[in-house]
Amino acid sequence: MWKNILLFLSLSGLVGHHASPITKLYHHVDQKMSWPDAQRYCREQFHDLATIDNLEDLERLQASRKGSDYDIDSAWIGLYDDRTRWQWSYGNQDYKTGQDYDNWAGNEPNNLDAEQNCTVIMQKTGEWSDRSCSNLAGPVCINAAGNYIYVQEEMTWYKARKYCVSHHTELAIVRDATENSKIYALMKRTAWIGLHRNPWSHWSDGSRTTYLNWETGQPINLGGKQNCAAMNFRTAGYRDKNCQDLYYVACQELQKQRSTFRIKISTEADMTNPEVQRQFVEQLSAKMAKEGVAGVQLHLVVKDGQDQQTEMALSAAVFTVELLREQARAQRLLLFRLWGQKFRAPKLFSLADL
């Protein structure tokens, strides 16, 4: 006899692309240390240094500090500027510092005034120098045949790239000394090549930055050595600092999400049977993993509903899964509609077509 049965699935763990953003819990360490030591401490005790992905994160981090004896002081956060992270515009190829060919002048790249993120070949020496991308220079382009073309008209790096893409293929890529010499022989003046970088693009945990709240005039890269960021808890603004300076620390912990699935099914299977429950959870877990919802644990509770007296001529059982997520000030509803065959022994569940 068919029954309506209400199932409750308790889900816990970090989930995949169906999930809401992970909830962060911030922790403050009232001990001054360098940024590398702060990173090590946060990774050992929690998850990592604090990351701030939006205004809500910023407000929660600032609010969590108020009332302490140190609420007007700065603290290290996970933001840092990896000076080794460069990229060629040609094919968006990563440039591996220390492995790939380079021809930097003796003190380059130095990121003067925290704004030198593009690269020129200098006319006097043929060596490389980092420059502000808004400076003016002629571009060296590369065409589909791999030939270099020098353009004398001076323009910003961004306009130079647009010019090369429109008229040839891209700004020049330089992979060895021979290619560098070919370009240098063409040049009449200092010229742009395609090597560039995106500053302050990543957090300590490897995630990309999506929200930056620099104080006015920051970053400045004073002395060419300010590669790490601290947050001023009085203004909530960021300042770049020497990574060896000593500040308090803001760490973060990632809270595991807990959600409840409510599933109403019509079935002939005995859902009070532990073996039947085990098979159901296994199949649903596999299906969720296939859909990108991974790293979770499922627990099943069965509650009998009103008996269904007729089969209702259904050719398939319908599962409606309601996932309620509590996060900050809002709840989100996620519906999965899972279609499968009737639950008949010995093949109790069929989720192959879901």
Which semi-axes, in whole Å and largest first, does the equivalent ellipsoid of region 95-155 have when worked out from the alpha carbon gyration tensor as the square roots of 5 times its eigenvalues?
20, 17, 11
Share of pairwise Cα separations in region 85-196, more than 17 Å, in percent
47
With a ≥ b ≥ c from the Cα gyration tensor eigenvalues, square-rooted, and the rule rounded for a/c under 1.5, otherwise prolate when a/b > b/c and oblate otherwise, region 179-231 is prolate
Within region 33-133, which GluC sites (Glu not before Pro) sit in a loop by DSSP and count at most 16 neighbouring Cβ atoms inside 10 Å?
E127
What is the set of long-range amide H partners of C133 at a cut-off below 5 Å, with H atoms built 1.01 Å from backbone N?
N117, C118
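Using the per-residue mean of other Cβ atoms lying within 10 Å as a proxy for protection, in what order, highest first, do the peptides 209-222, 237-250 fall?
On the way: 209-222: 14.4, 237-250: 19.7.
My ranking of the peptides, most packed first, is 237-250, 209-222.
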Which whole-Hz ³J(HN,Hα) couplings does region 186-201 yield from phi under the Karplus relation 6.51 cos²θ - 1.76 cosθ + 1.60, θ = phi - 60°, glycine and proline marked x?
7, 6, 9, 9, 4, 9, 6, 10, x, 6, 8, 8, 10, x, 6, 8
Taking the highest mean first, how do the peptides 199-205, 48-54 order by number of other beta carbon atoms within 10 angstrom per residue?
48-54, 199-205
So what J values fall out for region 29-36 if you push phi through Karplus, 6.51 cos²θ - 1.76 cosθ + 1.60 with θ = phi - 60°, rounded to Hz, Gly and Pro as x?
10, 8, 9, 7, 7, 6, 4, x
Relative contact order of region 49-140, pairs being alpha-carbon contacts under 8 Å that are 6 or more residues apart, as %
17
Counting sequence-distant residues (5 or more places) and residues on other chains, those with an amide H built under 5 Å from that of M155 are A137, G138
Taking every pair of alpha-carbon atoms in region 117-181, what share in percent sits in each 10 Å bin, from 0 to the bin with the longest distance?
22, 57, 21
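Taken together, the values in this text are just the output of simple stated rules run on the coordinates, not laboratory data. These numbers were taken from a predicted model, which means no experiment stands behind them. Virtual Cβ from ideal backbone geometry, glycine too; neighbours counted across all protein chains shown.
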